[in-house]
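Working notes, beginning with the structure itself.
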Amino acid sequence: MISQSPSPRRFRMAYATTALCALIASHPVRAQTASAAAAPNTSGIADIVVTATRRAERLQDVPLAVTALTGWQLARQNVRDINDLPKLVPALTLNYGSQPGNFSINLRGVGTLTNGIAVESDVAVVIDDVPLGFQAEAFQDLVDLERVEVLKGPQSTLFGKSAIAGVINITTQPATDNWTGHASALVTNDNEWRLGGTVSGPITPHLKFRLTVSHTSWDGNIDNLTTNSKLNGSLGTNVSGKLEWNPSPALKVVLSPRWSQSDVECCVNAISSMTTGLYYQGDTKLPASTVLAGINYNNPYNTSVRNDVRAGGVIHSLGATIHVSHPIDGGLLGGGTLAYIGSIDKYHLRDFQDVDGLDYPVLLYYPATTPAGIDGGSRLDGSFRVHSTTQELRLTSGPGRFRYVTGLWFARNSLSRDLNRGPVISAVHYFATTVNTTYSYYNDLAFDVTPKLTLVGGFRLNRQTIDYTYANYTAATPFNLAGGASDNAITGKAGAQYHFSRDNMAYFTFSTGYKGEAYDLSSAFSPTIAAQSPVKPETSRSFEIGSKNTFLDHRLVFNIDGFWTNYTGFQTSSITYLASGFPLSLLQSVGGLRTRGIEADLTARPTPQLSLNAAGSFTDATIRNFATGPCWTNQPYVTLATAQSVPTPGQCGVLPSGTKIQNLNGATLNNAPRWKFNVGGQYDVPLGNDVAAFVNFNYRWQSKVNFSLSQDPYTVQRSYGILDASIGGTAHDKRYRLAFFVNNLLNKHYAVSLGDSTSGFSATGVSARGVIWQPARDSFRYVGVKLDASY
């Protein structure tokens, strides 16, 4: 179902398909529709309506593996941003880089971690119908949420080429017909606090608005001995609004402006183990015991560092979305809705990093032969700039035996990266730009063969062009490069679903995914790499079977699915080391990757006072074809006879050129735990006079995970479980809610990133090994209180 060259004739056929869809949709309607499928009036579990297929449907009717979290669930678990979602979605994990611009998202073990701006994400993040042009933008505060849907597996047909592994589909609250308001405050014992407020209501009979403002602050959990301050915290302000105009009953226009600012002191790793007797850059005048004075660097949970350069970044984001919709009654278009969605978004990140992680003036002593004579060390500063625009024209059918969503899509992402690292140690200064332009036609189709059997399908025609410039100012011979490429592709899906009853459904789907060509616009880019570029597209083929069931008069919901997805040309970065010991990220294309597994979600409400939820996943993400992968530090190796030789699986080999390669066939993908689950619940106790108390808990567990693609045995996070709990009360029809909570009640420490602590440290004749770790927000127990008030 994947092709690389849709012709103009195929685009004409696409428009003919749109007309045919509209004509068929004018025929009599099917009884099983989203509106007709409202949940019975019981005290059980209410139906959740999602837009996973770009039209409103009951979650239980959607033939996809979707985890849907309502605003109430998100508020109950104090979800503030993307970092909190893996607590509730087992299939979701996150990758954390050396600064905020390098963060990324994994679903079912698959995600792209890279330092280059010309590589798209594997998981699309969509907010109110608009995908983010730069995935790092998603790692900001999420405010005023109505719902978060996590769509697992390839979604390229409906959501485009940055959704080859899945989609996080976020919907914010709409403007209200009546005056409403909400205020929230949270404070913790480790100096986190959040304040937020929303007001919404009518301005005139045809105009209404919504305005949300939030401010958050947290000091962090890394101790900087140099400045006697905390690191890995954040400070941010968000403002978002909606202005809805209804000049007639048929026409609706929604303008959604947004602005945010964040100051993030992040991404600092502390040394948790390191071989004794090492020297920085191997210089005996710079022993680790001196340059790391006061740091217990053989404490597995050490949180002390010595940084004399600030870390993290300052982020500014500004944008707006306009959504215009108009129903179309009867005739050729058969009672659908025509919508236009346009957006503009600007994002700027100024990032900083203490490259050597020291406050010692190492350049007074390094290089040993001719010291640089600089009273300081190595640092990095740079910036990311992103300017994204999207245009979409979408036609959604009304209820009927044949239903469709079809549309035209245009996006233009312009990104730039200015990076200056040095001086002397691992010095580089480059400026890179890239412009990615996409044109697409897509459709999503459903046809009721019988009242119980439905066939589903769809396809997307996609054309991408990508251009770049790259200037390196610090190479022995500074150089300028420019280039570009274009690529065409078709993705599609087909399947069937069968309703045994209104509340019990099974489905099977086959889908293909696609992510475009890429350039490794990072420190490693060179004329040699440019001549071998671009990195070929990433494609996938996926099979999924699932069942969605509601039992016991809507008191029990149980959904389960199994999946098998093969990826070809998987784009990911791996780490190599410069002569100085500095780690360098290189973009590589993994020939073959397979991810398969089982996922399940359960929600129960045995009594009106007790709510329970559970979710779990088993994921086997295995590299099938990558015989030239990276070796880990000091990995034993064999000598290979020719440049074409490869070692046996799991073995590191040295080519005649001196390059080390490892055969990673059969290895598990990095940051892809095999087992994850969470279980939670809340019990409400009515106290009379519209007052109630509650107790709430959530426990999550995951199996061990290796953070290194090279399978470094030192970067394995062992299995762990985290228990959160809260107790509190509500009053006046739950308009007021006070909660006292403790996160990580059992104080189980764990890392969200592990790496090699000996970067830059060595000693003659010593096999140096060690680990740096980055603790999570809840790696240490903390308590807090949260107050919510609504009117």
*Would a scan of the range 165-173 turn up a residue that is crowded, with 16+ Cβ neighbours inside 10 Å and either over 27 Å from the mean Cα position of the chain (by Cα) or without any contact (Cβ under 8 Å) to a residue 40 or more places away in the chain (or both)?*
no
*asked:* Just to check your reading of the model, which residue among Phe431, Phe410 is surrounded by fewer than 19 Cβ atoms within 10 Å (Cβ to Cβ), modelled with pLDDT of 95 or more, within 30 Å of Ala476 (Cβ to Cβ) and not charged (D, E, K, R)?
replied: Phe431
_Among the listed residues Ala138, Ala124, identify the single one that is surrounded by 22 or more Cβ atoms within 10 Å (Cβ to Cβ), more than 26 Å from Thr622 (Cβ to Cβ) and either touching a Lys or Arg at 6+ places or on another chain (Cβ under 8 Å) or free of Cβ contacts under 8 Å to residues at least 60 places away in the same chain (or both)._
Ala138
_strands (runs of 3 or more DSSP E) completely within the range 625-669 that count 3 or more residues being surrounded by fewer than 16 Cβ atoms within 10 Å (Cβ to Cβ) and out of contact with any Leu (no Cβ under 7 Å at 6 or more places or on another chain)_ = 637-639
*Of the conditions (1) over 24 Å from Ser234 (Cα atoms); (2) β-branched (Val, Ile, Thr); (3) in a loop (DSSP other than H, G, I, E, B), Val143 fails just one. Which one is it?*
(1)
*For the range 670-693, does any single residue satisfy the condition of being in contact (Cβ under 8 Å) with a residue 12 or more places away in the chain, touching an Asp or Glu at 6+ places or on another chain (Cβ under 7 Å) and part of a strand (DSSP E or B)?*
yes
*asked:* Checking the condition in contact with a Leu (Cβ under 9 Å, 6 or more places away or on another chain) and modelled with pLDDT of 95 or more, which residue from Leu151, Leu145 passes?
replied: Leu151
*Which of the residues belonging to the range 47-58 are surrounded by 21 or more Cβ atoms within 10 Å (Cβ to Cβ) and aliphatic (A, V, I, L, M)?*
Val50, Ala52
*Among the residues of the range 77-122, count how many are in a loop (DSSP other than H, G, I, E, B), farther than 20 Å from Gln155 by Cα and either out of contact with any helix residue (DSSP H, G or I) (no Cβ under 8 Å at 6 or more places or on another chain) or of a type outside the set (A, V, I, L, M) (or both).*
14
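Residue-by-condition table, conditions (1) buried (at least 18 other Cβ atoms within 10 Å of the Cβ); (2) touching a Lys or Arg at 6+ places or on another chain (Cβ under 6 Å); (3) part of a loop (DSSP other than H, G, I, E, B):
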position	(1), (2), (3)
Ser200	yes, yes, no
Ser214	yes, no, no
Gly220	yes, yes, no
Trp259	no, no, no
Ile271	yes, no, no
*Could you tell me which residue of the range 453-470 is farthest from Ser414 (Cα to Cα), considering only residues that are of a type in the set (A, V, I, L, M) and surrounded by 17 or more Cβ atoms within 10 Å (Cβ to Cβ)?*
Val456
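Among the hydroxyl-bearing types (Ser, Thr, Tyr), free of Cβ contacts under 8 Å to residues at least 60 places away in the same chain and within 26 Å of Asp778 (Cβ to Cβ): does that describe Ser217? Show your work before the answer.
Numbers: among the hydroxyl-bearing types (Ser, Thr, Tyr): yes; free of Cβ contacts under 8 Å to residues at least 60 places away in the same chain: yes; within 26 Å of Asp778 (Cβ to Cβ): yes.
Here the answer is yes, as Ser217 does meet what is asked.
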*Report yes if Tyr297 is under 31 Å from the mean Cα position of the chain (by Cα), over 30 Å from Val130 (Cα atoms) and assigned to a loop (DSSP other than H, G, I, E, B), otherwise no.*
no
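Determine if the range 543-563 includes at least one residue that is of a type in the set (Phe, Trp, Tyr), over 21 Å from Gly483 (Cα atoms), at pLDDT 95 or above and within 22 Å of the chain's Cα centre (by Cα). Full working, then the answer.
From the range 543-563, those of a type in the set (Phe, Trp, Tyr) are 543, 551, 558, 563; that's our starting set.
Within this subset, residues satisfying the condition of being over 21 Å from Gly483 (Cα atoms) are 543, 551, 558, 563.
Among the residues that remain, those that are also at pLDDT 95 or above are: 543, 551, 558, 563.
Narrowing further to those that are within 22 Å of the chain's Cα centre (by Cα): 563.
For the range 543-563, residues of a type in the set (Phe, Trp, Tyr), over 21 Å from Gly483 (Cα atoms), at pLDDT 95 or above and within 22 Å of the chain's Cα centre (by Cα): present.
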*asked:* List the residue pairs whose Cβ atoms are under 7 Å apart, where the first residue sits in the range 624-640 and is on the phi > 0 side of the Ramachandran plot, the second is surrounded by 15 or more Cβ atoms within 10 Å (Cβ to Cβ) and assigned to a loop (DSSP other than H, G, I, E, B), and the two are 6 or more positions apart or on different chains.
replied: Asn634/Arg769
_Tell me the residue from Val679, Val691 that is modelled with pLDDT of 95 or more, more than 17 Å from Ser611 (Cα to Cα), surrounded by fewer than 20 Cβ atoms within 10 Å (Cβ to Cβ) and β-branched (Val, Ile, Thr), please._
Val691
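Here is a yes/no grid of residues against (1) modelled with pLDDT of 95 or more; (2) part of a loop (DSSP other than H, G, I, E, B); (3) touching a strand residue (DSSP E or B) at 6+ places or on another chain (Cβ under 9 Å); (4) on the phi < 0 side of the Ramachandran plot:
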position: Tyr340; (1), (2), (3), (4): yes, no, yes, yes
position: Ser343; (1), (2), (3), (4): yes, no, yes, yes
position: Leu349; (1), (2), (3), (4): yes, no, yes, yes
position: Tyr366; (1), (2), (3), (4): no, yes, yes, yes
position: Gly373; (1), (2), (3), (4): no, yes, no, no
*For Gly313, state whether it is in contact with an Asp or Glu (Cβ under 7 Å, 6 or more places away or on another chain) and not hydroxyl-bearing (Ser, Thr, Tyr).*
yes
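For the range 285-305, how many residues meet the condition of being touching a residue at least 24 places away in the same chain (Cβ under 8 Å) and surrounded by fewer than 16 Cβ atoms within 10 Å (Cβ to Cβ)? Walk me through it before giving the result.
Our first condition is that a residue be touching a residue at least 24 places away in the same chain (Cβ under 8 Å); within the range 285-305, this holds for 285-286, 288, 290-292, 294-295, 297-305.
Narrowing further to those that are surrounded by fewer than 16 Cβ atoms within 10 Å (Cβ to Cβ): 285, 290, 294, 298-301.
Matching residues across the range 285-305 total 7.
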_Can you list the strands (runs of 3 or more DSSP E) lying wholly within the range 721-783 that have 2 or more residues being touching a strand residue (DSSP E or B) at 6+ places or on another chain (Cβ under 6 Å), at pLDDT 95 or above and more than 30 Å from Asp283 (Cβ to Cβ)?_
736-743
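The values are calculated or read from the model by the stated rules, or taken from the named source; none is laboratory data. Given the structure is predicted, the values throughout are model-derived calculations rather than measurements. Cβ atoms come from the backbone with ideal geometry, glycine included; neighbour counts cover every protein chain shown.
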